[in-house]
Amino acid sequence: MAELRWEWARETDATVGPWQGDVDFVAAVATWLGDDRRTVWTAGTHELAIGMVCLTEHIRMPSPRRAAGGRWGYLGHLYVRPTFRGSGIGEELVRRVTETADDRGYAKTVLSPTEPSIALYERCGFTRDNLHMARRR
Ligand SMILES: CC(C)(COP(=O)(O)OP(=O)(O)OC[C@H]1O[C@@H](n2cnc3c(N)ncnc32)[C@H](O)[C@@H]1OP(=O)(O)O)[C@@H](O)C(=O)NCCC(=O)NCCS
């Protein structure tokens with residue numbers, strides 16, 4: 001997973017060098033993964049991971065009509081190595097997420113798509129929802 005994350009960053013940031021098994025980075029990803037709310041799927045073999053996706057669980061704030069709250073999921077970090085794209089691996093990863101979200105009874109699963117990935121998510125049952133806003137420091 002650390003290597004996949006590194007390769008993804010390299011695609012958009014020319015200052016990121018080739019992956020050389022940076023142990024501090026592996027440890028940072030392991031710490032991130034240690035959060036019980038996260039589930040990560042990878043595609044590939046033990047020798048070569050070729051894709052990944054993450055589902056993070058969130059708890060709704062209880063409301064007067066639903067004191068028990070409820071759970072929903074955030075799909076993130078969908079990535080497939082460039083040479084393996086276009087053969088359905090990304091869709092397969094997304095479908096693992098949606099099946100798990102349904103099994104867990106999540107009220108909804110949300111994500112922040114890039115423009116080129118919208119068709120893929122639509123094939124998996126996602127529809128456009130509210131306008132997304134962000135404030136960056
Ligand atoms: C998105 C991604 C995981 C898809 O993986 P994949 O194995 O090629 O997926 P599939 O073969 O199941 O489906 C291909 C679909 O990916 C989408 N796609 C194509 N190029 C894309 C790109 N550069 N970036 C994002 N999505 C893309 C299209 O919807 C395409 O469907 P289409 O061929 O009908 O247009 C892969 O393109 C990727 O890793 N992109 C870079 C990271 C990224 O953009 N992640 C999504 C963030 S929301």
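Couple of notes before you dig in:
- Qualifying residues in the stretch 82-103 (those that are closer than 17 Å to THR42 by Cβ and among the aliphatic types (A, V, I, L, M)) - the one most open to solvent (accessible area, probe 1.4 Å): ILE89
- Count of residues meeting criterion [open to solvent by less than 60 Å² (accessible area, probe 1.4 Å) and at negative phi] in the stretch 39-49: 5
- If you go through the stretch 24-37 and keep only what is over 21 Å from SER112 (Cα atoms), open to solvent by 70 Å² or more (accessible area, probe 1.4 Å) and assigned to a loop (DSSP other than H, G, I, E, B), you end up with just ASP36.
- Residues of the stretch 45-64 satisfying the condition of being without any contact (Cβ under 8 Å) to a residue 12 or more places away in the chain and farther than 16 Å from TRP6 by Cα: THR45, HIS46, GLU47, MET61, PRO62, SER63, PRO64
- Boolean, TYR74 is open to solvent by 30 Å² or more (accessible area, probe 1.4 Å) and among the aromatic types (Phe, Trp, Tyr): yes
- Residue identified as open to solvent by less than 40 Å² (accessible area, probe 1.4 Å), more than 9 Å from the ligand (Cβ to nearest atom), in the same structural domain as TRP41 (by TED's automatic domain parsing) and touching a residue at least 24 places away in the same chain (Cβ under 8 Å) among TYR106, TYR121, TYR79: TYR106
The values are calculated or read from the model by the stated rules, or taken from the named source; none is laboratory data. Computed from a prediction, not measured in an experiment: that's the story for all the values here. Please note: Cβ atoms are built from the backbone with ideal geometry, for glycine as well, and neighbour counts cover all protein chains shown. For accessibility, only protein heavy atoms count, side chains too; no ligands or nucleic acids. Shrake-Rupley method; radii C 1.70, N 1.55, O 1.52, S 1.80 Å.
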